[in-house]
1. For Gln93, are the conditions met, namely being touching a residue at least 12 places away in the same chain (Cβ under 8 Å), in a helix (DSSP H, G or I), within 14 Å of the ligand (Cβ to nearest atom) and touching a strand residue (DSSP E or B) at 6+ places or on another chain (Cβ under 8 Å)?
2. If a residue must be open to solvent by 20 Å² or more (accessible area, probe 1.4 Å) and within 13 Å of the ligand (Cβ to nearest atom), how many such residues does region 67-89 contain?
3. Can you work out which of the residues in region 154-186 that are touching a helix residue (DSSP H, G or I) at 6+ places or on another chain (Cβ under 9 Å) and outside any helix (DSSP H, G or I) is most open to solvent (accessible area, probe 1.4 Å)?
4. I'm told Asp62 meets every condition in (1) near the ligand (Cβ under 9 Å from one of its atoms); (2) open to solvent by less than 10 Å² (accessible area, probe 1.4 Å); (3) over 23 Å from Leu210 (Cα atoms) except one. Can you identify the failing condition by its number?
5. So which residues in region 15-41 are open to solvent by 30 Å² or more (accessible area, probe 1.4 Å) and either in a helix (DSSP H, G or I) or in contact with a Gly (Cβ under 6 Å, 6 or more places away or on another chain) (or both)?
6. Please go through region 105-129 and give me each residue that is more than 20 Å from Ile164 (Cβ to Cβ) and out of contact with any Leu (no Cβ under 8 Å at 6 or more places or on another chain), ordered by number.
Amino acid sequence: MRKYIIMGPQGSGKGTQAKMLARDFDLVHISVGDIFRWHVQNRTKLGTKVQRYMKEGRLVPDEMVSEVVKWRLEIHDWRCGFVLDGFPRNAAQTEFFLENYDIDAVIAIELPEEAAIMRMQSRRLCSSCGLDYNLIQLRPKVPDVCDNCGGRLVPRPDDTPEAIRARLKDYREKTQPILDLLREKELIVRVDGTPPPDVVQAEMRQRLGLQVGVDELPETVGAPD
Ligand code: AMP
């Protein structure tokens with residue numbers, strides 16, 4: 001059983017890295033942001049509550065986040081483990097998590113802020129099927145059109161300059177400090193997020209003591225987030 005948390009500033013590619021890891025090691029990828037986006041898209045009660053926070057790039061209040069994480073982990077649909085992406089993001093969420101769950105490692109992807117901003121500004125999402133693109137690393141075959149379903153590609157609603165600034169500020173001020181707490185518990189595995197996705201993935205696997213080499217990696221999935 002492998003239970004990992006993946007952390008990193010927005011644009012560091014944590015979603016892409018989590019998907020690559022999950023696919024090859026039969027782990028369930030749990031993205032808290034994706035769960036919230038599903039609720040917003042499907043206009044659920046929770047979706048209505050979290051929409052404003054997300055659009056402005058602010059953190060959703062802890063009670064709602066913990067509720068969603070608890071609900072998701074109680075489904076217990078993994079055989080080999082999970083990669084939790086986007087949680088915890090502050091001290092209260094970290095305490096809640098450490099009190100209630102065991103994990104094997106926290107993967108921290110590091111990326112300078114300027115690079116994170118550039119990646120977020122080039123990110124596109126299919127308005128129809130939700131597939132991620134990146135105009136630098138993972139371009140669609142036809143500009144602005146989804147390769148998968150022909151849907152229109154649009155920027156993420158929370159990738160406006162104001163929301164990007166707000167999210168990076170939150171990461172710097174609220175998420176970064178919890179890395180120190182996790183480091184004390186010797187759970188942190190640091191990885192440089194600057195190189196191409198397969199290189200980042202190879203470094204991550206090596207540090208986690210996992211056996212699959214870079215040349216055995218399948219094509220990259222998804223865009224950096
Ligand atoms: P992400 O896809 O991880 O960038 O998350 C998108 C948005 O969902 C964030 O900007 C927050 O508004 C919200 N969100 C996701 N995870 C959390 C969390 N752990 N705590 C608070 N808000 C979150």
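The values are calculated or read from the model by the stated rules, or taken from the named source; none is laboratory data. Keep in mind that what you see is a predicted model, and the values were worked out from it rather than measured. All Cβ positions, glycine included, derive from the backbone under ideal geometry; neighbour counts span all protein chains shown. Calculation scope for accessible area: heavy atoms of the full protein, side chains included, ligands and nucleic acids excluded. Shrake-Rupley method; radii C 1.70, N 1.55, O 1.52, S 1.80 Å.
1. It is false that Gln93 is touching a residue at least 12 places away in the same chain (Cβ under 8 Å), in a helix (DSSP H, G or I), within 14 Å of the ligand (Cβ to nearest atom) and touching a strand residue (DSSP E or B) at 6+ places or on another chain (Cβ under 8 Å).
2. At the first step, the residues of region 67-89 found to be open to solvent by 20 Å² or more (accessible area, probe 1.4 Å) are 67, 70-72, 74-80, 89.
Still in the list and also within 13 Å of the ligand (Cβ to nearest atom): 67, 70, 72, 89.
Result for region 67-89: 4.
3. Lys185
4. For Asp62, the failing item is (2).
5. Lys19, Arg23, Asp24, Asp34, Arg37, Trp38, His39, Val40, Gln41
6. Once the filter is applied, which keeps residues that are more than 20 Å from Ile164 (Cβ to Cβ) and out of contact with any Leu (no Cβ under 8 Å at 6 or more places or on another chain), region 105-129 yields Ser128, Cys129.
Here's the yes/no breakdown for (1) within 30 Å of Gln211 (Cβ to Cβ); (2) modelled with pLDDT of 95 or more:
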{"position": "Pro9", "(1), (2)": "yes, no"}
{"position": "Lys14", "(1), (2)": "yes, no"}
{"position": "Val28", "(1), (2)": "yes, yes"}
{"position": "Gln41", "(1), (2)": "no, no"}
{"position": "Glu56", "(1), (2)": "no, no"}
{"position": "Val83", "(1), (2)": "yes, yes"}
{"position": "Glu99", "(1), (2)": "no, no"}
{"position": "Asp102", "(1), (2)": "yes, no"}
{"position": "Ala115", "(1), (2)": "yes, no"}
